[in-house]
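**Student:** If you scroll down you'll find the structure; I have some questions about it.
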Amino acid sequence: MKQLHQASANFTRKPIIDLQKQVAIEPDDFIFKPDVEIFGLQEKLNNQTITSEEMKYLEFLEYSNNHLVDHTDRYFKYPWIYTDMLQGKSHHIAYPFFKRYISDRERQSVMHHIIRAWFQFAEVNGFASWINHGSLLGWAFNGLNMPWDTDIDVQMPIAQLDRLARNYNRTLVMENPRYGNGRYWLEVAPTYIRQGNGRSFIDARFVDIQSGLYIDISALSHTEVPPPTDKNGKLVDNLSTMSVHCKNWNWHSLDELLPIRHTYFEGASVYIPKKVKEPLKHKYGAKALTNYHFHNHNYQSDISLWVNDQVCANPPFSKTKSRFNKYQQLTKKGACNSKVLQDEYNIVKECTQRHHELNQDLDQPKFYDIATMGDLPIFRKDAWDYYYEINHHLANNDNWYIRKEIIKPGV
């Protein structure tokens, strides 16, 4: 026990803290020039003032800049299974953590847990990040990741990603064991420093090592590449101020991104861009927020869920007949005779209710106090716990619902 206390004394302890209402990021954080960094470190080397850590950093920058970014293949690779070439179910599982195919509901459980772990880790260590793209589109509808989405899309400034790489690359992050058994591997691609040949357009991943599912992390940079223009040679409307882009050439203006702001996604505290509606319409089309049929699913607004067309292509009852009983519980008939849909509704209803309460206007949320409101409970069983219960006949296979209250920071 004495040895354990001595070992723990070698680690810096950082308490879990609440996310902020909004975060103003300096424009300089979107600028990273490896040549300038290398020059400054070489000056220190010549003056014999360079530290051992800086020397390692210099060697990395020189090797990556001169040998990797323009010549290497994609850094984050997918497992290629011959029998899976058409459906591609394995293509969104990180190699080498692929062990088996992941069911839809297990994937949703992993995403429900991993998003909390990432934003807690980032906030405690002072890194600004936010969800965007498909994850933000899912948030816009009901505050959740879309049920068919195989990952979560996160962005952050390039200079902060550089600091993340220097301090935490290849770190194993443990989920709070009160809430689950998640173990997450943070890895930053050595090609993050500049655009390069364009093959490695994902800069980092936060991987659930038990399933191989992950959060994709893309760095946004302001570079000398001019932003796109319309057919008349004018800048696209959303790029009228300082513009930044990822390595997959998704462009944003700092005016639409900053300051990033707090919201709830999967019931957990996260950050999103300042503006939501116009950027989503720009990326996904004018009907992005009104298209209720997508990817073999239909959005049923009375239960705030995307429902697989094979379960029911339309809500089963008209407006004159309710899907709910007198206790406001979704009935089996109201759930298209699907116990799974009933379970899903129980899982998401508090998340969707909060989302609609706070975000009637997606760009102008209702005022709320983060500390008072707090994160919602964990509503999806940890996958490890779920399969333990199934193997020991403690639960049915259509029951992923659980309720684990979140203990507030400092309590």
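No lab work stands behind these numbers, since they all come straight from the coordinates. Quick caveat: nothing in here was measured; it's all calculated off a predicted structure. Here the Cβ is made from the backbone with ideal geometry for all residues, glycine too, and neighbour counts use every protein chain on show.
**Student:** For the chain, which longest stretch is free of loop sites, where a loop site is one of the chymotrypsin sites (Phe, Trp or Tyr not before Pro) that DSSP puts outside H, G, I, E and B and that has at most 10 other Cβ atoms within 10 Å?
**Tutor:** 12-326
**Student:** Counting only DSSP beta bridges with both residues in the chain, what percent are antiparallel, rounded to the nearest 5?
**Tutor:** 85 percent
**Student:** Calculated from DSSP H runs of 4 or more alone, at -39500 (n - 2.57) each and per residue, what is the 222 nm mean residue ellipticity of the chain, nearest 500?
**Tutor:** Per the formula, -8500 deg cm²/dmol.
**Student:** Shifting gears a bit: Summing +1 for each Lys or Arg and -1 for each Asp or Glu, what net charge is found among the other residues whose Cβ lies under 13 Å from the Cβ of residue 308?
**Tutor:** Neighbour charge sum, excluding residue 308 itself: -2.
**Student:** Within the chain, what's the longest run with no GluC sites (Glu not before Pro) in a DSSP loop and at most 12 other beta-carbon atoms within 10 Å? Give the range, please.
**Tutor:** Counting at most 12 other Cβ atoms within 10 Å as exposed, the longest clean stretch of the chain is 1-223.
**Student:** Here's something else I'd like to know. Which angle between 0 and 90 degrees, to the nearest 10, do you get for helix 339-358 versus the longest principal axis of the chain when only C-alpha atoms count?
**Tutor:** Approximately 60 degrees, to the nearest ten.
**Student:** Just to be sure I follow: if Rg is taken over the C-alpha atoms of segment 128-248 and Rh is the Kirkwood radius over the same atoms, what is Rg/Rh?
**Tutor:** On the Cα set of segment 128-248, Rg over Rh gives 1.02.
**Student:** Right, here's the next one. Placing +1 on the Cβ of each Lys and Arg and -1 on the Cβ of each Asp and Glu in segment 315-381, which of 329, 373, 316 has its Cα farthest towards the positive end of the resulting dipole?
**Tutor:** 316
**Student:** Going toward the positive end of the dipole of the chain, with +1 on Lys and Arg Cβ and -1 on Asp and Glu Cβ, which of 119, 212, 303 do you reach last?
**Tutor:** Value computed over the given set: 303.
**Student:** Describe numerically, in nm with one decimal, the distance between label points set 7 Å from Cα along Cα→Cβ at residue 125 and at residue 104.
**Tutor:** Going from the residue 125 label point to the residue 104 one covers 3.4 nm.
**Student:** Calculate the dipole size of segment 181-335 relative to its Cα centre from +1 charges on Lys and Arg beta carbons and -1 charges on Asp and Glu beta carbons; express the result in debye to the nearest 20.
**Tutor:** Here segment 181-335 has a charge dipole of around 700 debye.
**Student:** Another one. Taking every eigenvalue of the Cα gyration tensor of the chain, multiplying by 5 and rooting it, what semi-axes result, largest first, whole Å?
**Tutor:** Over the Cα atoms of the chain, the ellipsoid semi-axes are 38, 27, 22 Å.
**Student:** Between rounded, prolate and oblate, where does segment 293-411 land on the alpha carbon gyration tensor, with a ≥ b ≥ c its root eigenvalues, rounded for a/c under 1.5, else prolate if a/b exceeds b/c?
**Tutor:** It comes out oblate by the Cα gyration axes.
**Student:** Given 287/333; 349/381; 14/408, which pairs have Cα atoms separated by over 20 Å?
**Tutor:** Over 20 Å Cα-Cα: 287/333.
**Student:** Something else now. Could you size up the charge dipole of segment 120-188 around its Cα centre, putting +1 on the beta carbon of Lys and Arg and -1 on that of Asp and Glu, and report it in debye to the nearest 20?
**Tutor:** My answer is approximately 260 debye.
**Student:** Subtracting the Cα-Cα distance from 0.36 nm times the residue separation, let me have the gained length for residue 170 to residue 55 in nm, one decimal.
**Tutor:** Between residue 170 and residue 55, full extension yields an extra 39.5 nm.
**Student:** Under a Cβ-only charge scheme (Lys and Arg +1, Asp and Glu -1), can you give me the dipole magnitude of the chain about the Cα centre, in debye to the nearest 20?
**Tutor:** That gives a dipole near 1360 debye.
**Student:** May I ask for the angle, rounded to the nearest 10°, between helix 133-142 and the longest principal axis of the chain, with both axes built from Cα atoms and the value confined to 0 to 90°?
**Tutor:** Between the helix axis and the principal axis of the chain, the angle is about 30 degrees.
**Student:** A follow-up question, please. Give the calculated FRET efficiency between residue 281 and residue 369 to the nearest 0.05, with a Förster radius of 30 Å applied to their Cβ-Cβ distance.
**Tutor:** With a Förster radius of 30 Å, E is 0.45.
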